[in-house]
Amino acid sequence: MNRKQFFKTSAVALAGIAVSGSFLESCKKSTSGPQGPTVNFTLDLNASKNAALASSGGYVYEQGVIIARINSMTDGFIAVASACTHQGCTITFGAGSQSFVCPCHGGAYDLNGNVTSGPPPYPIKRYSVTRNGNILTVAG
Ligand code: FES
C-alpha cells in the first residue's frame, strides 16, 4: 500500500466510524421525562395488606408503585413510581417532609414526583388515584 492508498483507506475508515457513532447516538432511548411503569390496578382498603393506608403517612407498594395516604390532599391518596431514577432503589414516603425519599443516596421527590434534592436525574411518574368506596384505582 502506497502513501496515497493509505490516506484514502484511512479516510474511509474514519468516515465509517463517525457515521456509526452518530447512528448509535440517535438510537439511545430518550429518558428525560418522568420514569415509571404503565399500570392499571385496584387496591381494596379493607384488605389487611393495605392496612397502612388507613393512617395518614402510611404507604404500600404494588406493581412498581408506592401509594401513600396524605390527608392534606383532596382525595387523600397519592401514587408515584417506587423506583428511584438514580440507581433504582425503592423510595419511601416521608410523612413529616411530605415527600418521597430514597434511602440509598439521599434523593428526594415532591408529591408530583419532581426531584427536589440528591442525585436522581429524572422525575418519577405520578399516577391517577380514584376512590370508589373502599376500592382505589391506580392508573397511568
Ligand atoms: S438510588 Fe436513589 S438516590 Fe441513588
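So, in the stretch 88-108, of the ones that are under 12 Å from the mean Cα position of the chain (by Cα) and β-branched (Val, Ile, Thr), which residue ends up farthest from the ligand (Cβ to nearest atom)? It comes out as Thr90. Screening Lys8 on (1) surrounded by 13 or more Cβ atoms within 10 Å (Cβ to Cβ); (2) at pLDDT below 95; (3) charged (D, E, K, R) shows it passes everything except condition (1).
Are any of the residues in the stretch 65-74 open to solvent by less than 10 Å² (accessible area, probe 1.4 Å) and within 14 Å of the ligand (Cβ to nearest atom)? Yes, some residue in the stretch 65-74 is open to solvent by less than 10 Å² (accessible area, probe 1.4 Å) and within 14 Å of the ligand (Cβ to nearest atom).
The set of residues in the stretch 36-64 that are among the small types (Gly, Ala, Ser) and open to solvent by 50 Å² or more (accessible area, probe 1.4 Å) comprises Ser48, Ala51, Ala54, Ser55, Ser56.
The values are calculated or read from the model by the stated rules, or taken from the named source; none is laboratory data. Nothing here was measured: the structure is a model prediction, and the numbers come from that model. Cβ: placed from backbone, ideal geometry, glycine included. Neighbour counts: every protein chain shown. What goes into the accessible areas is simple: the full protein's heavy atoms, side chains included, and nothing from ligands, DNA or RNA. Shrake-Rupley method; radii C 1.70, N 1.55, O 1.52, S 1.80 Å.
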